[in-house]
Amino acid sequence: MEQNDPGLDLFFAGYRQFRATVWPERRKLFETLARDGQQPRALVICCSDSRVDPAMVFGAAPGELFTIRNVANLVPAYGPDGAHHGTSAALEFAVRVLQVPRIIVLGHAMCGGVHALLHGFPSANDFVVPWMHIATEARTRALACDPVDPQKACEEETVKLSLRNLRTFPWVAERVAEGRLGLHGGSFDIRTGLLTMLGDDGNFHPA
């Protein structure tokens, strides 16, 4: 592995800080997690955007959140086949193995994937384009109401779309129907720090 990257020094410095301060404080927690395994309180499906950290937003400690991150916090519809399905595989593990009691789909403001969905993909065409095709319906729904802020409207519609797609997974729908699994949608504004949650009325409200 190449080691002559000066930028790595920042990460190593951060690690040393972790070992000196965070690790001593959290050592017992990590030892407990190693011994007893994980029992996360929620699965959070969020964007890969480096500006959005779900553990920070929800004030969660290690072991409390099982997290799936991808471009634009999308969940594809249920469709098992021989292809690779990273998001669906992680979803299945969280629901069927870890038996999480709730799933939160967390969108965010200024999402680059949504911006590309609305305005085109100038360079990332190999995988981003087909991935974002999952959200074509969200784009259509957002623009159909002629919104003042198409970006925001589409960001919110991707959350709603992912929640609908979650219900196409039979073992998700079964647990929801039995009251063993809750589905929730939210959006985090990185400009203001405001978290909004999707209400029964179909709108997002401050948490």
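Here is how the numbers come out for the structure above:
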{"item": "Residue satisfying condition, being loosely packed, with under 15 Cβ neighbours inside 10 Å, within 21 Å of L166 (Cβ to Cβ), of a type outside the set (S, T, N, Q) and in the same structural domain as P170 (by TED's automatic domain parsing), within set G107, G79, G113", "result": "G79"}
{"item": "Any hit, the range 129-136, residues being closer than 27 Å to T192 by Cβ and either in contact (Cβ under 8 Å) with a residue 40 or more places away in the chain or surrounded by fewer than 20 Cβ atoms within 10 Å (Cβ to Cβ) (or both)", "result": "yes"}
{"item": "Leading residue by the ranking (surrounded by the most Cβ atoms within 10 Å (Cβ to Cβ)) among those in the range 86-101 that are touching a helix residue (DSSP H, G or I) at 6+ places or on another chain (Cβ under 9 Å) and farther than 26 Å from E31 by Cβ", "result": "L91"}
{"item": "Flag if D5 is assigned to a loop (DSSP other than H, G, I, E, B) and not β-branched (V, I, T)", "result": "yes"}
{"item": "Hits in the range 87-101 (condition: part of a helix (DSSP H, G or I), in contact (Cβ under 8 Å) with a residue 60 or more places away in the chain and not polar (S, T, N, Q))", "result": "L91, E92, V95, R96"}
{"item": "The range 40-61 - residue that is within 25 Å of P76 (Cα to Cα) and of a type outside the set (A, V, I, L, M, F, W, C) and, of those, surrounded by the fewest Cβ atoms within 10 Å (Cβ to Cβ)", "result": "S50"}
{"item": "Lone unmet requirement of (1) loosely packed, with under 14 Cβ neighbours inside 10 Å; (2) under 19 Å from the mean Cα position of the chain (by Cα) for D146", "result": "(2)"}
{"item": "Residues of the range 152-198 that turn out to be within 23 Å of V95 (Cβ to Cβ) and over 16 Å from the mean Cα position of the chain (by Cα), as a count", "result": "15"}
{"item": "Yes/no for R35 being over 28 Å from A116 (Cα atoms), surrounded by 10 or more Cβ atoms within 10 Å (Cβ to Cβ) and of a type in the set (D, E, K, R)", "result": "no"}
{"item": "V172 vs. criteria in contact (Cβ under 8 Å) with a residue 60 or more places away in the chain and out of contact with any Lys or Arg (no Cβ under 9 Å at 6 or more places or on another chain)", "result": "yes"}
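Residue-by-condition table, conditions (1) assigned to a helix (DSSP H, G or I); (2) of a type outside the set (F, W, Y); (3) within 27 Å of L29 (Cβ to Cβ):
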residue: M56; (1), (2), (3): yes, yes, yes
residue: A60; (1), (2), (3): no, yes, yes
residue: P80; (1), (2), (3): no, yes, no
residue: I103; (1), (2), (3): no, yes, yes
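The values are calculated or read from the model by the stated rules, or taken from the named source; none is laboratory data. Predicted, not measured: the structure shown is a model, and the values here were computed from it. Positions of Cβ are generated from backbone atoms using ideal geometry, with glycine treated the same way; all protein chains shown enter the neighbour counts.
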